[in-house]
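Let me begin by presenting the structure, written as C-alpha cells, before commenting on it.
The values are calculated or read from the model by the stated rules, or taken from the named source; none is laboratory data. Just so we're clear, the structure is a prediction, and the values are computed from it rather than from any experiment. Here the Cβ is made from the backbone with ideal geometry for all residues, glycine too, and neighbour counts use every protein chain on show.
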Amino acid sequence: MMRLGIASVLLLLPFAACSSSTEEPEARPDTASSSSSSPAQEPADSPADDESEPSGPVEDVTAIANGLKGSLPDVLESIKLTEDNDANDLIGRPGQYDAAVFLALDSLGCSGPDYDELSIDCGIKLERWPSADDAAARAHDIQTKLQTYGLGAEWDYGAGRVLLRIAGDVPPSQATKIRDAFAKATNAKPVDLAT
C-alpha cells in the first residue's frame, strides 16, 4: 500500500508545478488614464511590422515556380522534387537543398520521357538551400564542373537561399526573361552566380 501512495505522489508531483495560483493578479490592459497624453505605440518588432514589409526574398520554391509559370508561357510543366524523384539524391539530406521544383521549357524540345530525371537540360530548377552561402557554393560547384569537364553551360542566379538554374541551351534573351520573372516571384534582385 505504501508503494502505491509513493508512486501516486511521484506521478502527480510534476503536475503540481504546472497549476496556477488563484492569488495572482489578472493582467489588465492599459487604460486611457495613463500619465502620458500621447497615443500608445506598437513596439518596432511587433507582428504588424512583419506583415507590412517582407523581411527578405520569397523562399517558397512552389510559390516561385507558380510565379514563373504565370509569367513565362514557355513553361510546359512544373514538378516538385521529392526523395523519390530527385536523381541527384540531395533533397532533404544534411547540408543539401530541402525543397526543389523542376520546370520543363517547351523551347528546349523535351517531352515527358526526356525529363523523367528532371534534368536541367530540359528547363529550369529551383533549389532551396540551408543558406544563401550554400546556394552560392552549389552554383560555384556546378560552374566549376561544367568548365573543367566541358559539359556545357547553365545560367545560375540566387535570391536568398534559393538557387535558380536555367539550361545553358536557353538563348540569352530568354534567360533574361526567366531571371526577371524570378526577381518578381522572389521579390528580390537576383545575384548572378554563374560568373
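Observations on the structure shown:
- Among the residues of the range 107-127, those that are charged (D, E, K, R) and modelled with pLDDT of 95 or more comprise LYS125, GLU127.
- Filter pass, ASP180 being closer than 14 Å to LEU72 by Cβ and not hydroxyl-bearing (Ser, Thr, Tyr): yes
- Some residue of the range 86-98 being modelled with pLDDT of 95 or more, farther than 19 Å from ASP141 by Cα and charged (D, E, K, R): no
- Annotation note: of THR186, THR144, the sole residue that is among the hydroxyl-bearing types (Ser, Thr, Tyr) and more than 20 Å from ASP60 (Cβ to Cβ) is THR144.
- Verdict on ASP116 being more than 18 Å from THR195 (Cα to Cα), acidic (Asp, Glu) and surrounded by fewer than 14 Cβ atoms within 10 Å (Cβ to Cβ): yes
- ALA185 vs. criteria surrounded by 15 or more Cβ atoms within 10 Å (Cβ to Cβ) and either touching a residue at least 60 places away in the same chain (Cβ under 8 Å) or among the hydroxyl-bearing types (Ser, Thr, Tyr) (or both): yes
- Test: residue in the range 121-136 that is touching a helix residue (DSSP H, G or I) at 6+ places or on another chain (Cβ under 6 Å), of a type outside the set (Gly, Ala, Ser) and more than 21 Å from PRO57 (Cβ to Cβ): yes
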